[in-house]
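A short write-up of the structure that comes next.
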Amino acid sequence: MPWQPFVWGGAAAMAAEALTYPLDTCKTRLQIQGQTADSRLSAKRYKGMCHTLATVAKEEGAGALLKGLRFAFLRQATYGTLRLGVYYNLKAEWERRYVKMPLPHLVALGSGVGVVGAFLTTPAEVLRVRAQVAASSSTQNSGTEQQTSTNFPDQKHASQSKRPLSVSRGFLQIYQTEGIRGLYRGAVPNAQRAGVVNGVEIPTYDTCKRWLVSQGLGEGDSMGLHLGCSLCAGLTSACFSQPIDVARTRMMNQKVGDGDVRLYKGVVDTMYQTVRYEGVAALWKGFTPTFCRLTPWNVVFFMTFEQLKRLDNIIV
């Protein structure tokens with residue numbers, strides 16, 4: 001099994017993550033606000049993508065938009081590596097033995113590698129979400145006499161010392177207070193979302209590329225072809241994944257330790273409570289930054305991946 005797709009996939013994913021991460025922080029803040037079930041995040045402080053970006057930068061500093069980036073890099077270095085490497089190697093093996101892999105098979109393959117990869121990397125995703133939300137919770141509760149429980153057990157001390165939370169310390173804090181289950185909080189919706197995104201994103205890109213080339217609309221492996229196909233992949237994945245992404249974010253953000261009340265019991269319960277108390281539209285909170293992030297994310301990701309492939313003269 002060639003190793004190159006694994007390396008190029010991880011490198012391209014990390015590059016895309018770095019360039020679009022502020023929009024992910026914006027999306028996360030919009031998704032977790034206005035929760036009736038969680039008093040820490042009941043207020044609706046942000047009114048949209050631009051307002052969120054401006055407010056966070058003004059109140060917490062521009063660096064707050066990059067909080068948790070190290071955890072996102074850790075996730076993409078593993079998840080991005082696995083999903084692209086396994087997907088393209090299995091696809092190449094199928095087409096070597098048989099014919100071009102049909103769309104249903106591409107969707108099934110993409111979903112499968114997405115589910116497995118996302119489940120294995122859930123702890124890094126939990127750390128990322130909590131790091132992005134921690135400052136928001138702290139800011140919202142500032143001014144009260146008693147600080148409510150934050151996302152990390154010693155977040156208060158960490159903020160006082162101005163030291164960024166390291167990966168190892170973040171894992172240890174959650175493990176000590178919530179156990180191994182805390183590190184895998186929201187693993188099911190995380191895997192489900194990855195299954196949806198991966199089952200839509202990569203097959204959409206491959207199918208669009210194949211069709212455009214067959215119709216004579218794409219000139220081989222031109223950058224224009226890659227750009228058009230990646231835009232289609234970003235739009236499609238954003239539309240299909242948003243409701244489950246909201247549920248995943250809320251489940252990962254909830255802290256369940258001694259004395260804490262478990263707000264959400266699963267994906268269905270999270271969606272039910274969200275719709276019941278906030279309306280159906282709440283399942284689409286943060287769609288604009290999601291779309292604005294996934295589209296350039298896919299453009300950077302696929303174009304970087306294709307250029308790295310070209311450098312190594314690999315055809316997958």
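If I compute solvent accessible area with a 1.4 Å probe over the protein chains, what percent of it on region 167-316 is carbon and sulfur?
Values: 4250 of 6650 Å².
Answer for region 167-316 is 64 percent, counting heavy atoms of protein chains only.
Just need the relative contact order of region 1-112 here, percent rounded to a whole number, with Cα pairs under 8 Å and 6+ apart. Show your work: numbers first, answer last.
Values: 100 pairs, mean separation 43.2, N = 112.
Worked out over region 1-112, it gives 39 percent.
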| task | Would you mind working out the accessible area per residue for region 1-88, using a 1.4 Å probe, and quoting it in Å²? | result | 39
| request: State the Cα centre-to-centre distance between region 1-68 and region 260-296 in whole Å. | output: 15
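Report in % the part of the accessible area of region 61-128 that belongs to carbon and sulfur, leaving out ligands and nucleic acids; probe 1.4 Å.
About 73 percent, which is the carbon plus sulfur part of the accessible surface.
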| In the neighborhood of VAL275, defined by Cβ-to-Cβ distances under 13 Å, what is the net charge if each Lys or Arg adds +1 and each Asp or Glu adds -1? | +1
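Net charge around ARG45, counting only other residues with Cβ within less than 11 Å of its Cβ (Lys, Arg = +1; Asp, Glu = -1)?
Details: positive: ARG29, LYS44, LYS47; negative: GLU59.
Here the charged neighbours net out to +2.
What's the local net charge at THR55, with K and R +1, D and E -1, over the other residues with C-beta under 11 Å away? It would help to have the intermediate numbers written out before the result.
Numbers: positive: ARG29, ARG45, LYS47, LYS58; negative: GLU59, GLU60.
Taking every other residue near THR55 into account, the sum is +2.
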| field | Net length gained if the chain between LYS100 and GLN307 were fully extended (0.36 nm per residue, minus Cα distance) | value | 72.3 nm
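The values are calculated or read from the model by the stated rules, or taken from the named source; none is laboratory data. Quick caveat: nothing in here was measured; it's all calculated off a predicted structure. Positions of Cβ are generated from backbone atoms using ideal geometry, with glycine treated the same way; all protein chains shown enter the neighbour counts. Accessible surface areas use protein heavy atoms only, side chains included; no ligands, DNA or RNA. Shrake-Rupley method; radii C 1.70, N 1.55, O 1.52, S 1.80 Å.
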